[in-house]
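Heads up: the structure comes next, in structure tokens.
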Amino acid sequence: MQRRRRGGNVPQASTGGTNNNNNNNNNDEDNEDDYYEETPLPWPDAVPEWARLSQEDVITVVVTFAVSIGFRTFIAEPRYIPSLSMYPNFDIGDRLIAEKLTYRFAREPDVGDVVIFNPPKTEKTKKVYKEVFIKRIVALEGDDVEVKNGELYVNGQSRGKELKLEKIQYYMPKYRVPKGDVFVMGDNRNNSFDSHAWGPLPKERIIGRAVAKYWPPTAIGGLPSYAKSANIVTAPNVAL
């Protein structure tokens, strides 16, 4: 806790022995009087003594809180997995870090990225469009996406077989992802409310990119690269 220095006499130089001893004694008394006072705030009597912070403590708390909010808003934030839509790569209760700098300064969202986002407001999402979802990007703008024979196909090629629990139990006709959008799906295809149900995700709705797990302790570390293991096919050059 910061204190203000209380003034004392400034010692004077002396050439005489007796005067020097007297000055030393005076200096000792002055040193005892040098201390720091708290900067009190006018707390009401109803506030208990232990809760009465000094002005310096209040400033410290406010600055710490502001830095924390700024970090969470602009750099990264923790998130937890509330459902089985991303199983088996993420289980209920898993906790991860989502960073927010890559898409602002380094690159565009890419296939395989696990992203947190607010879904677009559609007829099917009108009650949840302000909530935060977590899904994986499976296709980019210009890609043709379809689900047939229990598989996800992007540009005619099967994609992400290693991620799902079982064959997809629904059919989705071929769909071209519009400009400015991405197509997201849960790794647990049959138990995920994602783009196959409510449509493509505008990139501006993306909040951040998941980069690491920090819970449970046995799973601490970076996320595996989906793009390196999945059968990725570059989108054809087509007019959007």
TODO: Kindly indicate the residue of the stretch 91-119 that is out of contact with any Ser or Thr (no Cβ under 8 Å at 6 or more places or on another chain) and over 15 Å from Gly208 (Cβ atoms) and also surrounded by the most Cβ atoms within 10 Å (Cβ to Cβ) among those meeting that condition.
DONE: Val111
Open item on the list: So for the stretch 180-196 (the condition being among the aromatic types (Phe, Trp, Tyr) and in a loop (DSSP other than H, G, I, E, B)), does at least one residue qualify?
Closed with: yes
Task: Top-ranked residue of the stretch 155-179 - restricted to ones that are basic (Lys, Arg) and outside any strand (DSSP E or B), ranked as farthest from Leu84 (Cα to Cα) - done: Lys179
Open item on the list: Pairs needed: first member in the stretch 194-215, over 14 Å from Pro120 (Cβ atoms); second member anywhere, polar (S, T, N, Q); C-beta distance under 6 Å; at least 6 residues apart or different chains.
Closed with: Arg209/Thr102
Open item on the list: Condition first: at pLDDT 90 or above, assigned to a strand (DSSP E or B) and touching a Leu at 6+ places or on another chain (Cβ under 8 Å). Now tell me which residues in the stretch 68-95 satisfy that.
Closed with: Pro78, Arg79
- [ ] Can you run down the residue pairs with Cβ atoms below 9 Å, 6 or more apart or on separate chains, where the first is in the stretch 76-103 and on the phi > 0 side of the Ramachandran plot and the partner is crowded, with 17+ Cβ neighbours inside 10 Å and not in a helix (DSSP H, G or I)?
- [x] Gly93/Ile81
- [ ] State whether the residues of the stretch 120-129 include one that is under 23 Å from the mean Cα position of the chain (by Cα), crowded, with 16+ Cβ neighbours inside 10 Å and at pLDDT 95 or above.
- [x] yes
Task: Criterion violated by Phe105 - all others in (1) in a loop (DSSP other than H, G, I, E, B); (2) at pLDDT below 95 satisfied - done: (1)
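The values are calculated or read from the model by the stated rules, or taken from the named source; none is laboratory data. Worth saying up front: this structure is predicted, and the values here are computed from it rather than measured. Positions of Cβ are generated from backbone atoms using ideal geometry, with glycine treated the same way; all protein chains shown enter the neighbour counts.
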